[in-house]
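The values are calculated or read from the model by the stated rules, or taken from the named source; none is laboratory data. Owing to the predicted nature of the structure, the values given are computational and were not obtained by experimental measurement. Because the Cβ atoms are built from the backbone with ideal geometry, glycine has one as well, and the counts that use them run over all protein chains shown. When the accessible area is computed, the model is the full protein with side chains, heavy atoms only, and any ligands, DNA or RNA have been set aside. Shrake-Rupley method; radii C 1.70, N 1.55, O 1.52, S 1.80 Å.
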Amino acid sequence: MSENEEGNAAEAEVEAGARKLHRLDPRSLRGIAHPLRMRLLTALRQDGPATASRLAEALGESSGATSYHLRQLAAHGFVEDDPERGKGRERWWKASVDGTLFDESLYSDPDPAVRGAADLYLHEHAAMHAQEVATWLGSQRDWPKEWRRSSDLSDFTLRLTAAQAYELNDKIHELIESYRDLEPAPGTEGAAQVRLHTHAFPRSTA
């Protein structure tokens, strides 16, 4: 299951195995639909707890900006304090959810502010994916040949109905999720975080 997956927004939070996923509603969407907030949440989810200062250094932002936007993320339930790490005035943050679920109805909400937030959210996700691919292409020579051989940059064109495309996406997500049970323990030699992006959309041939 990816960070951005269409779903039924009946409940704010759902459990997917051991994962906690946040279903976006109009209010929480507007709370996260900001480039820096999305980058902050991604950093906390991928790299673990951090302070506003550490995140500022990693993302090339001011600590004032990261601190403000972390508080906004907390107000909408995306991040929370990590009391086990905080000492004195040093405030540590951690992601409170493992992923977000995007409902297609947000894209056609009657409120133009919600539709605008949906546009920003989805376009920022696409931009983040492109940046991750560019980073890999620029650094792949630093990785062993086994990892270069294991990477993939492919695209396919199929002729499907909307129902078949939905079924295909569902099966791809199911296959990816099945590998969570196979994840080696943290620190296992030869293991690394692996990012998987899935993009599926119709194109006009007119």
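Overview of values
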quantity	calculated
Label point 7 Å beyond Cα of residue 162 along Cβ direction - residues of region 185-206 with amide nitrogen under 14 Å	201-203
Residue 189 paired with residue 58, simple spin-label distance in nm, labels 7 Å along Cα-to-beta-carbon	2.7
Max mean-square fluctuation residue, GNM over the chain, Cα-Cα springs under 10 Å, options 150, 96, 108	150
Within the accessible area of the chain (1.4 Å probe), percent carbon and sulfur	51
Extension gain, residue 46 back to residue 180 (0.36 nm per residue minus Cα-Cα distance, nm)	46.8 nm
Correct option for log10 I(q)/I(0) by the Debye sum over Cα atoms at q = 0.11, 0.19 Å⁻¹ [calculated from the coordinates] among (1) -0.62, -1.64; (2) -0.49, -1.53; (3) -0.54, -1.40	(1)
Lysines with Cα under 20 Å of residue 94, excluding same-chain neighbours fewer than 8 positions away	20
Length released on extending from residue 171 to residue 135, taking residue separation times 0.36 nm less the Cα-Cα span	10.1 nm
Heavy atoms of residue 102: accessible area, 1.4 Å probe, square angstrom to 10	10
Full-extension gain in nm, residue 145 to residue 19, via 0.36 nm per residue minus C-alpha separation	42.1 nm
Sites matching GluC sites (Glu not before Pro) across region 39-139 that sit in DSSP coil, with at most 13 neighbouring C-beta atoms within 10 Å	84
Region 128-206: trypsin sites (Lys or Arg not before Pro) falling in loop per DSSP and having at most 14 other Cβ within 10 Å	159, 195, 203
